[in-house]
Amino acid sequence: AAANRSSGGGATGSAGAGLGGGYISGEGWAVPASGRITDGFGPRPVICGSSGCSKGFHSGTDMGAGCGAPIYAAHDGTVSYAGPSGTYGNYVQINNGGGVSTGYAHIRSGGIFVSNGQQVSAGQNIASVGMTGAADGCHLHFEVRINGSQINPQPFMADRGAPLG
């Protein structure tokens, strides 16, 4: 039922792959938000916000979903953290099993809909987009970690049938 629903709220455009936020692939992975990719994984200039400055390396993929747009769990898992986290602003991290975890940053104030230890399902609305932390506009900063190491989310998600952007 969650497959192929539209989130609306994509002020910067719709998903380039034609898949809206919340779309669930046959492999059980979901597109975490609607909107085009506004910044990729890798080196970039430092961005400063009220909570400090980012690193000179971008550890995730930014998706230009509009303020208040839904953020969806990328896969089934257990919420390992939900709350404020420095330059990430309001942040949710989900342990997806098998050494994989996904992270969702810059969530709007009051926009976290899950709590520590909660079980979530792929495509579940876990939060809403904001610009807390070191952010210069509303967007979702989405991360994938393998055994704690941050990897490029774009090929990882594309390989699981849920391409970003």
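The values are calculated or read from the model by the stated rules, or taken from the named source; none is laboratory data. Quantities reported herein were computed from a predicted structural model and do not represent experimental measurements. When we count neighbours, we look across all protein chains shown, and the Cβ atoms used for this are built from the backbone with ideal geometry, even at glycine. Only protein heavy atoms, including side chains, enter the accessible area calculation; ligands, DNA and RNA are left aside. Shrake-Rupley method; radii C 1.70, N 1.55, O 1.52, S 1.80 Å.
Data overview
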{"item": "Dipole magnitude (debye, nearest 20) for the stretch 39-143, charges at Cβ of Lys, Arg, Asp, Glu", "result": "120 debye"}
{"item": "Inter-site label distance for Lys55 and Ala158 at 7 Å from Cα along Cβ, in nm", "result": "2.3 nm"}
{"item": "Carbon + sulfur, % of accessible area of the stretch 124-165 - ligands and nucleic acids excluded, 1.4 Å", "result": "45 percent"}
{"item": "Local electrostatic count, Pro163, Cβ distance below 14 Å [Lys/Arg +1, Asp/Glu -1]", "result": "0"}
{"item": "Accessible area per residue, Å², the stretch 93-165 with all protein chains present, probe 1.4 Å", "result": "37 Å²"}
